[in-house]
Amino acid sequence: MRDRGFSSEQIAAAIARADDFGYIDDERFALSFVRYRSQRGLGPQRLRADLRERQVDNDLIAAALAQEEIDFFQLCLETRHRKFGEALPQDFKLKAKQQRYLAYRGFSMDMIRYALSPSE
């Protein structure tokens, strides 16, 4: 807003008004962010990092992850299936590639092991 010629007082008034109307709500933002991005196949570590980057409080991040009750183990498996198919990798190189992909998406090694283990 400053770049468009608004004064500091006008900016502060606009922010206060938006806050009064409930347009600025970090808790609602965190919940919405976790719900939307997890549906896109992102794991908890990536979600935490992305929310921290957006300066959301750690307590709100933890609350949002807990409130959504996402089964990240199952999500990791579904993400692997969507990207690589249901067949498990047979050689080390393919397995490492899938592990790197899932780690980049924010899944822990326990979740990745679950996704790469034969289902019984």
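At-a-glance table
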read-out	value
Expected 222 nm ellipticity per residue - DSSP helices of 4 or more, -39500 (n - 2.57), all of the chain, to 500	-21000 deg cm²/dmol
Restricting region 22-106 to GluC sites (Glu not before Pro) in coil, as DSSP defines it, with at most 16 other Cβ within 10 Å	Glu69, Glu86
Arg82-Arg4 pseudo-label distance in nm [points 7 Å out on the Cα-to-Cβ vector]	3.4
Simple spin-label estimate for Ala49 and Arg100 in nanometres, 7 Å along Cα-Cβ	1.5
Listed candidates (1) 29; (2) 43; (3) 40 - label of the one calculated as percent of Cα pairs over 24 Å apart	(2)
Sites Ala12 and Asp59, calculated FRET efficiency, Cβ-Cβ separation with R0 30 Å, nearest 0.05	0.70
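Read the figures in this text as sums done on the coordinates, not as results from a lab. Quick caveat: nothing in here was measured; it's all calculated off a predicted structure. Cβ atoms come from the backbone with ideal geometry, glycine included; neighbour counts cover every protein chain shown.
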